[in-house]
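S.K.: Have a look at this one before I ask anything.
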Amino acid sequence: MKIKLILIAFILSAVGLIAGEISSPVEYKKQAFDVLHYDALLDFSAAPSKDMTGRCDISIQWEGSPAGEKFYFHLRDLTVDSVFYSGVRVEAIEVGEMTSAVYHYEVEHPAQISSTLNKISIYYHGTMTSEPKVGGMSWGGVHSLPSEGLLYVMGVGFMNNYISATQHWLPCYDHPSDKATFHCKFVVPAGQTAAATGELINIEYLDNGTDIYEWKHDYQCATYLYAFAVGNYQLLDLSHDELPIHVYSLPADTAASRYAYKNVYKMVDCFEERFGEYPFEKVGFANTPIGSMEHQTLVSMAERIIQNASLYKDSNNTTIAHELSHQWFGNKVSPLDFREAWLNESFAVFSEAIWQEYLGGYEAYVDFQRVTGEDYFNKHVKREGVLPLYDFSRESPSSNYPVTIYDKGCTVVGMLRQYMGEEAFFAGIRTYLDDFAYGCATSEGLKDVLEEAGNKDLDFFFDQWIYGIGWPEFEIEVNLNDNKPGKADIRFTQIQPEEYGTFTNVPIQIGFRKEDNSVGYKTVIITEKDQLIQDFDIPEFELLNFNEGPDFYTLMKVKGLTVGIDDEIADNELNISVYPNPTTDYLNIRFSTTAGNANINLFNSTGIELLNKNISTINGINKYSVSTIDFPNGSLSSGIYFIRIQSAGEIATKKITIIR
């Protein structure tokens, strides 16, 4: 099925692509044909061996005259025996090297056929494979585990340059831009179960030691999302309120599966409340040795996740919720090409946060966002480097699915929610899922829908957070004003690497921890590289924090924080002096006061109080000796500190420097 009409103008004008060239995984090219339907007979009677024979009928519709046109299909490592084009035998020409991302076959439209609606029948055989191993791992393609009698598929690869891996077992136009319906018959050894995408419509038990499982899926499906799993599966029916929920579990995992999946119906309720009605005919899971992968209506789930969920009593498992949410983000609406993979993964991790909100309230949602963002900074950036969400590098140490598009993407979607507002954001997301339902979308398509829903220009947001790299990094200086109690000047200076650019409309929550340990919060919006906020209303506080508030999380770093007193304040009656300054291990303080006592405070540059001492004055003039305020080695590091004296209703502050 072709993409929604409202996208076509953008695609053609922005990219200028024409028919006649095959799409690459990361470059959509408009085709003259539209794949409507796949009808396959797949002989897996040797399972769990990967040896197979097959026939695949591909129904296509030409947009214009098919004269002189070519149809392209992908098939990798398997042998094409013969091809028929609407009953006419034709040649399938192999194009490109196997190592190419666009390796494929071409079939010319026979001159004697004038119809624009055609069926191409491909007969083939061989041993199914998976993507080449990188670092000992092979993910996308067909996997066999003879010890457990399993034969199953993973729809995408992590390191292969062609990404979509259905071509390892089915001849197809293996690109997400052209979705189709499916009807597949799987011939398997007697007693084995063949689970697949869609609805099981028949099982035929033959006398030759094989069974045939017949599946149909009348919803548009990208090829990489169609899946099968063959093995000694037991079907667990966990259906709820007329929604079929089917789990294909291995016998050893049955009890664990019943526990791990028992709250799937609640996850469906959660996502329906936010994103709209569940989009397909069933919810399905198949336990597999490796996973997890969001195949349409048949999610592959790693056995270890199910076993651990049961072991640790975690029936609210976020990985299960993540893969389920893909039925909306990635399956109902698929990416036009794999440059747009963030539209799948960022929203799926964001859906994990929504699931936490469903379980524990908004505070749990913000906590999830914060943990995800900090994990991204502390773990994944160091390993993967700094990547954009859209059209990221796939070179090692990145991959086809870097953690960036998961964790950074989750926090970015949360920031979009915060910027747009609750009602506009979720209304916009539901409109996006409806407008592009069972088709494909782009980042620009999402932006257009959200702009209309929120009546806000989102160019800056997408430029910064989707197409751009990095995040804002701040040096923050807070200057309290003794002449204006309750006021402060706060300067935010962006110091991130130049290639990140300058970030605008950055919301930051400032937290003020008080003496009784209560915390109040205020929000500022940073729009410039160097921004001074003057006379900011600031309560009395013992400690400041930034970006730790309960309302939202912003992807940012504080690289330096100074809290001090404005040194330009006119002198007051205390006539304070401190010496030596800079100092190493002691400080003399001299001031005059008419009171019999004074309070001395020492603060570091972040506003943390290090000393609070009340002293008695002598004859109105007090010299505070080295014996009572010293800095032995190790007690304080080099840096800026502040001494504050309060006496006789007067307050004075001096900046000091300690040098080690």
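Each reported figure results from applying straightforward, stated rules to the coordinates on display, with no laboratory input. Just so it is clear, the model here is predicted, and its values are computed rather than measured. Cβ atoms come from the backbone with ideal geometry, glycine included; neighbour counts cover every protein chain shown.
S.K.: Return the whole-Å distance between the Cα centroid of segment 355-379 and the Cα centroid of segment 283-347.
M.R.: With segment 355-379 and segment 283-347 each reduced to a Cα centre, they are spaced 18 Å.
S.K.: Could you please state, rounded to a whole Å, how far the C-alpha centre of segment 178-255 is from the C-alpha centre of segment 106-165?
M.R.: The distance from the Cα centre of segment 178-255 to that of segment 106-165 comes to 19 Å.
S.K.: Figure the gain on full extension for Leu532 and Asp218 (residue separation times 0.36 nm, minus the Cα-Cα span) and round it to one decimal in nm.
M.R.: 107.2 nm
S.K.: Between Thr594 and Asp81, what is the label-to-label distance in nm when each label sits 7 Å out along the Cα-to-Cβ direction?
M.R.: 10.9
S.K.: Still on this structure: Counting other Cβ atoms within 10 Å, which trypsin sites (Lys or Arg not before Pro) in segment 281-356 have at most 12 and lie in a DSSP loop?
M.R.: Counting only loop positions with at most 12 other Cβ atoms within 10 Å, the trypsin sites (Lys or Arg not before Pro) in segment 281-356 are Lys313.
S.K.: With an 8 Å Cα cut-off and a minimum separation of 6 or more residues, compute the relative contact order for the chain in percent.
M.R.: RCO, the chain: 9 percent.
S.K.: Apply the Karplus parameterisation 6.51 cos²θ - 1.76 cosθ + 1.60, with θ equal to phi minus 60°, to every residue of segment 259-268 and state each ³J(HN,Hα) to the nearest whole Hz, in sequence, with x for glycine and proline.
M.R.: Values per residue, Gly and Pro as x: 6, 4, 9, 5, 9, 4, 4, 5, 4, 4 Hz.
S.K.: How many nm separate the modelled label positions at Asp459 and Met137, each set 7 Å beyond the Cα in the direction of the Cβ?
M.R.: With each label point 7 Å from Cα toward Cβ, the separation is 3.9 nm.
S.K.: Okay, next question. Is there a pair in Lys133/Lys408; Lys313/Lys522; Lys29/Lys266; Lys133/Lys382; Lys529/Lys655 whose C-alpha atoms are over 31 Å apart, and which pairs would that be?
M.R.: Going by Cα-Cα distance, Lys313/Lys522; Lys29/Lys266 fall outside the 31 Å limit.
S.K.: Among Glu294, Glu444, what is the fewest-to-most ranking by other Cβ atoms within 10 Å?
M.R.: Glu444, Glu294
S.K.: Helix-derived [θ] at 222 nm for the chain: sum -39500 (n - 2.57) over DSSP H runs of at least 4, divide by residue count, nearest 500?
M.R.: Per the formula, -5500 deg cm²/dmol.
S.K.: Stretch Ala364-Lys487 to full length: gain in nm at 0.36 nm per residue minus the Cα-Cα span?
M.R.: Stretched out fully, the Ala364 to Lys487 stretch lengthens by 41.0 nm.
S.K.: Exactly which GluC sites (Glu not before Pro) in segment 472-505 are in a DSSP loop and have at most 14 other Cβ atoms within 10 Å?
M.R.: For GluC sites (Glu not before Pro) across segment 472-505 that sit outside H, G, I, E and B with at most 14 neighbouring Cβ atoms in 10 Å, the list is empty.
S.K.: If I stretch the segment between Ser577 and Glu540 completely, what's the gain in nm (0.36 nm per residue apart, minus their alpha carbon distance), one decimal?
M.R.: Going from the current span to full extension adds 10.8 nm.
S.K.: Still on this structure: Hey, what's the Kirkwood Rh for the chain if you take every pair of different alpha carbons, in angstrom?
M.R.: 28.4
S.K.: Still on this structure, please answer the following. So if I take the centroid of the Cα atoms in segment 452-521 and the same for segment 40-69, what is the distance between those two points in Å?
M.R.: 55
S.K.: Among Lys185, Lys487, Lys216, what is the fewest-to-most ranking by other Cβ atoms within 10 Å?
M.R.: Final ranking by Cβ density, sparse to dense: Lys487, Lys216, Lys185.
S.K.: So what is the relative contact order for segment 473-565, in percent, with contacts set as C-alpha pairs under 8 Å and at least six apart?
M.R.: In percent, rounded to a whole number, it is 40.
S.K.: Right, another one. Extending each Cα 7 Å along its Cβ direction at His240 and Thr657, get the distance between those two points in nm, one decimal.
M.R.: For the pair His240/Thr657, the computed spacing is 6.4 nm.
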